[in-house]
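Encoded as structure tokens, the structure appears first; notes follow it.
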Amino acid sequence: MSVPFSFTLLATDGTARRGEIAMPRGTIRTPAFMPVGTAGTVKAMYLDQVRALGSDIILGNVYHLMLRPGAERVARLGGLHEFARWPHPILTDSGGFQVMSLANLRKLDETGVRFRSHIDGSEHFVSPERSIEIQDLLDSDIQMQLDECIRLPAERAEVERAMELSLRWAERSARAFGEQPGKAMFAIVQGGDVIDLRLRSAERLAAMDLKGYAVGGLAVGEPQAVMLKVLDETLPAMPREKPRYLMGVGTPDDILKSVARGIDMFDCVMPTRSGRHGLAFTRRGRVNLKNARHAEDHRPLDEESDCPAARDYSRAYLHHLVRANEALASMLLTWVNLAYYQSLMAGIRASIDEGRFADFAAETQERWARGDIPALS
């Protein structure tokens, strides 16, 4: 791996940032949206399609991949890139969030977390070291520390306990990761909605001088205003010269408002999960294809879209597929949604380069507010 990991800020517009992450397997244009490839696939999509839409990087999940097919098996088969036929960068999360939210009978202590699989009830143990080992076996390019993510609201004492544990686990994760030229380990700022705890976490992690930093523990039940307040207060304490990743976020509106505050990377299941449930994201906002108003509408979702699924298929046909529970509905609407998300990111990047991000955001939000085209009478 001859290309070292690096992050270069190319432009700023207020606190919005435009940059590039260079890695041996490719360049990641930021702000970037990472489609979620939980179990080695972006659901209902060919990865060639995902790439063609403009994705520089996808996300894989330690929890799901360690349970099935198993990290050691993926390693024997050449690593996740070869296994999934995605030769570009992959970020793997540590599995911590899924352990906390999905696993049964979990028991957490200083050493790590023991849990039973939601698939077959088998018992597993993940420590910071084992999480990094799994990510090494998967051969991911950006690896995340193991942390404890708690749901909000929560008592301060519980938030502080989880934050301090996550700090100790960050140190252990960094030691386990060591020096891997061309790759990176990101730490995760925790602290819930308690600002002084967020600042303590950010400052202590910054002192570790890692390749990148994430903000975790948001979009877990708190209002958007709380999330944005946490970002407003926390981001100035995070290293300016390192990439900043907001985990598990979010809606297009979340993305616009978080970019405005200085976030560089995002991931979320929303565009893929919504596509599987009949909901499309377009430049005019959300369109629910389950709605009977589309049953005899020959018009496409968006006649100006570059995405064939949005431009060439009628709303009536998409509505029929959704109501008939056809697999093609998930495929077409996921295609629509990921195309819109990547188009939004491209527009964000261009507007920062041109020094007009605030205008771009206002124009985008105005189109959403105007809403979808009227139904045919």
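The values are calculated or read from the model by the stated rules, or taken from the named source; none is laboratory data. Every value quoted in this text rests on a predicted model; they were computed, and no experiment measured them. Counting neighbours? That spans all protein chains shown, and the Cβs are built from the backbone with ideal geometry, glycine included.
Here is how the numbers come out for the structure above:
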{"quantity": "Some residue of the stretch 150-173 being modelled with pLDDT of 95 or more, outside any helix (DSSP H, G or I), more than 16 Å from Leu91 (Cβ to Cβ) and among the hydrophobic types (A, V, I, L, M, F, W, C)", "calculated": "no"}
{"quantity": "Cβ-Cβ under 6 Å pairs, at least 6 apart or on other chains, the stretch 120-134 side in contact (Cβ under 8 Å) with a residue 12 or more places away in the chain, far side of a type in the set (Ser, Thr, Tyr)", "calculated": "Ser127/Thr111; Pro128/Ser173; Ser131/Ser94; Ile132/Ser173"}
{"quantity": "Positions within the stretch 346-360 being within 18 Å of Met265 (Cβ to Cβ) and either touching a residue at least 24 places away in the same chain (Cβ under 8 Å) or hydrophobic (A, V, I, L, M, F, W, C) (or both), in sequence order", "calculated": "Ala346, Ile348, Arg349, Ala350, Ser351, Ile352, Asp353, Phe357"}
{"quantity": "Unique residue being within 19 Å of Gly371 (Cα to Cα) and surrounded by 15 or more Cβ atoms within 10 Å (Cβ to Cβ) when the list is Leu321, Leu301", "calculated": "Leu301"}
{"quantity": "Asp56 in contact with a Ser or Thr (Cβ under 9 Å, 6 or more places away or on another chain) and either outside any strand (DSSP E or B) or within 28 Å of Arg172 (Cα to Cα) (or both)", "calculated": "yes"}
{"quantity": "Any hit, the stretch 337-349, residues being surrounded by fewer than 22 Cβ atoms within 10 Å (Cβ to Cβ) and outside any helix (DSSP H, G or I)", "calculated": "no"}
{"quantity": "Any hit, the stretch 192-206, residues being under 30 Å from Met45 (Cα atoms) and either modelled with pLDDT of 95 or more or among the basic types (Lys, Arg) (or both)", "calculated": "no"}
{"quantity": "Qualifying residue in the stretch 185-195 (condition: over 19 Å from the mean Cα position of the chain (by Cα), assigned to a helix (DSSP H, G or I) and crowded, with 20+ Cβ neighbours inside 10 Å)", "calculated": "no"}
{"quantity": "Residue that is nearest to Gly278 (Cα to Cα) [pool: residues in the stretch 299-309 that are without any contact (Cβ under 8 Å) to a residue 60 or more places away in the chain and part of a loop (DSSP other than H, G, I, E, B)]", "calculated": "Leu301"}
{"quantity": "So Gly112, is it small (Gly, Ala, Ser), surrounded by 18 or more Cβ atoms within 10 Å (Cβ to Cβ) and farther than 22 Å from Val249 by Cα", "calculated": "yes"}
{"quantity": "In the stretch 96-142, residue farthest from the chain's Cα centre (by Cα) [restricted to those that are part of a loop (DSSP other than H, G, I, E, B) and of a type in the set (Val, Ile, Thr)]", "calculated": "Thr111"}
{"quantity": "Single match in Ile150, Ile119 (criterion: farther than 22 Å from Gly221 by Cα and of a type in the set (Val, Ile, Thr))", "calculated": "Ile119"}
{"quantity": "Count of the stretch 46-58 residues which are within 15 Å of Phe83 (Cβ to Cβ) and either touching a residue at least 40 places away in the same chain (Cβ under 8 Å) or under 15 Å from the mean Cα position of the chain (by Cα) (or both)", "calculated": "1"}
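Yes/no per residue for (1) free of Cβ contacts under 8 Å to residues at least 60 places away in the same chain; (2) in the same structural domain as Val336 (by TED's automatic domain parsing); (3) assigned to a helix (DSSP H, G or I); (4) in contact with a strand residue (DSSP E or B) (Cβ under 7 Å, 6 or more places away or on another chain):
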{"position": "Val230", "(1), (2), (3), (4)": "yes, no, yes, no"}
{"position": "Thr234", "(1), (2), (3), (4)": "yes, no, yes, yes"}
{"position": "Lys242", "(1), (2), (3), (4)": "no, no, no, yes"}
{"position": "Val249", "(1), (2), (3), (4)": "yes, no, no, yes"}
{"position": "Gly262", "(1), (2), (3), (4)": "no, no, no, yes"}
{"position": "Val287", "(1), (2), (3), (4)": "no, yes, no, yes"}
